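For reference, the structure is listed below as structure tokens.
Here, each number is a calculation from the coordinates, and none is a lab measurement. These figures come from a predicted structure and were not determined experimentally. Here the Cβ is made from the backbone with ideal geometry for all residues, glycine too, and neighbour counts use every protein chain on show.
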Amino acid sequence: MKVAWSEALSTGNRAIDNQHKYLIDIINDVADLVENNGTPAQLKKILNLLQYYTEWHFCNEEECMHRLKCPTAEKNKDAHAQFIDTFLAYRAEIDANESTALDVASRMYKTLTSWLVQHIQGIDTELGPVSAEENAR
């Protein structure tokens, strides 16, 4: 059920790749909690971290893409907004009914991991060529 980091997810930008690895770890913590029948309080703690770290990472990545003039910078920013909207909708559903929190968290995990893998491979990998150009200077 969990996502594992692989070179297929590498963007070619070490800082962004390290942030993605940690983001995957946090999302995998959601899966661990679901598998171990954690409490709503434990879930909310992980979701707080996930929200904070995701917003911080997205800001970082968007600034990096803008600075490097990455051709997918605007598409990336729009995709990040979609991710946040999706996350917040799941979070609201969890907050509204703690009795179904783990079921919702399971659905959220599947949606977010699928999105993240597709996003990294489809958009973030465009950082590789522009990062290489910067590193060559």
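Structure summary
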| item | result |
| --- | --- |
| Environment charge of Thr11, counting only residues whose C-beta is closer than 10 Å and scoring Lys/Arg +1, Asp/Glu -1 | -3 |
| Cα-derived Rg to Rh of the range 36-136, Kirkwood definition | 1.07 |
| Computed magnitude of the charge dipole of the chain (debye, nearest 20; Cβ of K, R +1, Cβ of D, E -1) | 100 debye |
| Between helix 101-122 and the chain: long-axis angle, C-alpha atoms, 0 to 90°, nearest 10 | 10 degrees |
| The range 85-124, dipole about Cα centre (Lys/Arg Cβ +1, Asp/Glu Cβ -1), debye to the nearest 20 | 140 debye |
